[in-house]
1. What is region A:293-359 by shape, rounded, prolate or oblate, if you read a ≥ b ≥ c off the alpha carbon gyration tensor as root eigenvalues and call it rounded for a/c under 1.5, prolate for a/b larger than b/c, and oblate otherwise?
2. Of A:314, A:212, A:258, which is farthest on the positive side of the dipole of chain A, counting Cα position, with +1 on Lys and Arg Cβ, -1 on Asp and Glu Cβ, and the Cα centre as origin?
3. Between helix B:26-37 and chain B, what is the angle of the helix's C-alpha long axis to the longest principal axis, kept within 0 to 90° and rounded to the nearest 10?
4. Where q = 0.15, 0.20 Å⁻¹, what log10 of I(q)/I(0) comes from the Debye formula for region B:46-159, counting one point per Cα?
5. Per residue of region A:78-85, what does 6.51 cos²θ - 1.76 cosθ + 1.60 with θ = phi - 60° give for ³J(HN,Hα)? Whole Hz please, x for Gly and Pro, Karplus curve as stated.
6. When A:8, A:67 are ordered from fewest to most other Cβ atoms inside 10 Å of their Cβ, what list results?
7. Indicate the gyration tensor shape class of region A:260-408 (rounded, prolate or oblate), computed on the Cα atoms with a ≥ b ≥ c the square roots of the eigenvalues: a/c under 1.5 is rounded; otherwise a/b larger than b/c is prolate and the rest oblate.
8. Count, for each residue of B:31-41, the Cβ atoms from other chains sitting within 10 Å of its Cβ, then give me the mean as a whole number.
Amino acid sequence: MAITDAPKIVTSRFQYDDSHTLARYEATGGYQALRKALGMSPTAVVEEVKAASLLGRGGAGFPAGVKWGFCPPGVWPRYLVVNGDESEPGTYKDRMLMERDPHQIIEGVLIASYAVGCSQAFLYVRGEMALAQERIAAALNEAYDAGYVGRNILGSEFSLDIVLHWGAGAYIVGEETALIESLEGHRGMPRLKPPYFPAAKGLYLQPTIVNNIETLSNIPWIVANGAEAFAALGAETSKGTRLFAVSGHVANPGVFEVEYGVTTFRDLIYAPVYAGGIRGGRKLKAFIPGGASSPWFFEEHLDLPLEKVTVDRAGSMLGSGAIVVMDETTDMVRACHRVVRFFASESCGKCTPCREGTTWLERILKRILDGQGRMSDLDLLLDVADNISPGIAWPPKQTTICPLGPSAVSPIASAIRRFRHEFEAHIARNPNAALEASDGGASTAARPAAVETAVSLGGHHG
Amino acid sequence: MARLTPENEALAREIIARYPRPRSALIPLLHLAQEQDGYLATDAMEHVAELVGCSPAQVLGTASFYEMFKLEPVGRYVVNICTDIACMLLGADELLHHAEEQLGIRAGQTTADGAITLEGVTCIAACTEAPCLQVNYRYRYRVTPEAFDQLCEDLRAGRAGDIPPHGTLARVRQHIPAERAAGPADPSSGVQPAWMAERPSGEAV
C-alpha cells in the first residue's frame, strides 16, 4: 500500500468548524499568497503555476498554467469564469470546497485573475447548491469589506470584481462553452468548435479562462509554498494532491485528499483510513474510476496508481475524481441503464446523434430490464453507440460537439463486454425473445425502441 | 401572480449592474422571480424580459431549459430524491417508492394540501452520503424510510427551520459596496488592465 503523509493542500482547514470564515482563513495563512503574488509580476505568477504542473481537476486534466497562457496577446478585456457546476454522477468534492473553504477559492480567483490579466471574474455555482451559494456570498462580502476584492486590492493597481452567479440545474453547463452560454443568459448548449478554447473566444467572445473549483483551490498553496514544493508531491505526470470521492458499496464512503499518482485504487477502496473495503465483506464486481463518463474498471485494475497517464493508457480516465464501487450483488444491466439514463436526461438536444442516440440507448436498456428485451438488442445497442462514438474506442471519437453523447457509450461498452451473460439472462426472461431472434432479427433490430419506457424521473428535464 | 415588487426590482437592477451585459443577469433574476412567487409566473417573466432587454419568448426559452425553474406552481417544499448510480446502489429506488406510497403521489406530483412536491432527480453531488435528498435544495444525508417520514412530519408541522419556502435559494446575498466596486468590464472597451501595462523589463503579456 502507498498511503503517504503528503500534506493536505486543499482540505487543510476542514478540521475547523468555522473554516468558511474570514477570521479562520486569515488565522491560517489566508490571503498571504495574494500579497506575495502582488509583489511578483503577472508573468512570473503564470510561470510559477506552469512549473507546478497543476493539472485541471474538472475532468479533462489539462495543465492549468498552460491554459492560462492561451489568451491571445493584446486582446482585452479578459475574463475568468469559475466552473462550480459539479454534477457528474459520483462526483462530490467541489461542493465541499465551496461550502467549507470559500476564501481559498476567492484567493485562487484573485491570483489567477492578476496573473492572466482578467478584468472581471464570475463564480458560477450550481443552482442546487444553496449552502455553497450562501457561504460564497458571505465570504465575498467579507472579502470586499476587508479590501481583498474590488477596487485597488490591498492598495495595489490590481482591481477586480468577483460576481457570484447562480446556475439553475443543467449538467451540460459543466462543459465550458455551455457554461459561457448560460452566463450570457441563454440555454446552456455547447458552442461549435473551433475555437477549441474559450481562452481565444469565450465570454462575450473575449478571451476567457474557465477553471474548476478544485484547480483554483490549489493556487494559493502553490504561490505560498512555491512550484517546487508542489511538484515534489505526486508522480511524474500527476503532481500535488487530489480529491477523490469514493461512493457505492464501500464500508466507509468519503472524500479523501491523497497524493496524486502514488495512491492506488486498491489503497483508496480497501485501506481502513480511506473507504475501508467492500461493505459486508463482499467481493468487488466493478468500479467506475472517474465519474459516470468513464469506462468501468474491474479487479485487475485495482493496483493501478491514481495517475492520469496510467489510467488513460489502461482505457479509462480519472475524470472528476469520482469512484463508484459496485459489489457482487449488483445487477450490471441496471447499473448500466442508470448511468445511460443520466446522459439521456441531460442531453441538451443540440446534436442529433446524442439527442436521439442516448434516448434510444436508454429505452432499449429499459426494455431489457423490464423483461421485454430481444436478442438483437445487444447488436442494436452497439450499433446506436457506434453512431454516437464511431468505433466505440478509447479515447472516444465523437459525432457531436461535446463529449456528453460518447459518455453514454462508455458504460454500454464496459457492461456488454464484461457482463454479456447478464444482458442475455434478462433477455431470456422475455418469452418471445428467442423467437424474435430466429424470426428475422434484422427487421426487429431496425425498429425503434419501445416508446412506453420514457425517462421517468418526475419533474421536467431540459 | 405578479410582476416583481419594487424591492425586488431594485434588487434586480443592482444585480444587472454587476454584469457587462444585462442579459447575463437573466438566470439570477429568474431565481428572484421564483423566490417571490414560488414559481415563474408569466408576468414576472415579462417583467424580467423588460429589465434585461430581451423578449418574453427569449426569457421562456432560457427558463424552460433549466430544471430548477418551475413554470407551474409547486408545493411549499420540493423534495428531490436522488436516483442516480451511487444512490441507486444504496437503495434510492426503494426510498423513492416509499416516498410515493407515503405521500400518496407519484414522482412529479404535489400532495393535495400543497405542502410537498416529490421529484426523482439526477446526481446532486452527495454521492458519499447516499441515499440523499434535498428539500428546497437543502441536503438530507443517508436517508432511511423512517427519517423520510419524520422529515415529512416536520415539514408539515413547520419544524424544519433551516428550510425556507420553495423559491428562496440563498438567504445570504452578495452585496458589492459602491465604494469598493471595480465595476463590470465592458467587452468592447479594449482596455488593458492597469497592472498588466508593460513593465520596465519589457515582458510581453
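Derivation of every value follows stated rules applied to the coordinates shown; laboratory data play no part. Note that the structure is predicted; figures quoted are calculated from it, not measured. For neighbour counting, all protein chains shown are included, and Cβ atoms are generated from backbone atoms with ideal geometry for every residue, glycine included.
1. On the way: a/c = 2.90, a/b = 1.51, b/c = 1.92.
Taking the square roots of the gyration eigenvalues as a ≥ b ≥ c, region A:293-359 is oblate.
2. A:314
3. That works out to roughly 40 degrees.
4. Log10 I(q)/I(0), no solvent term: -0.68, -1.00.
5. Residue by residue, region A:78-85 yields 10, 10, 10, 10, 9, 8, x, 9 Hz.
6. A:8, A:67
7. Details: a/c = 2.37, a/b = 1.49, b/c = 1.60.
It comes out oblate by the Cα gyration axes.
8. The shielding value for this peptide is 1.
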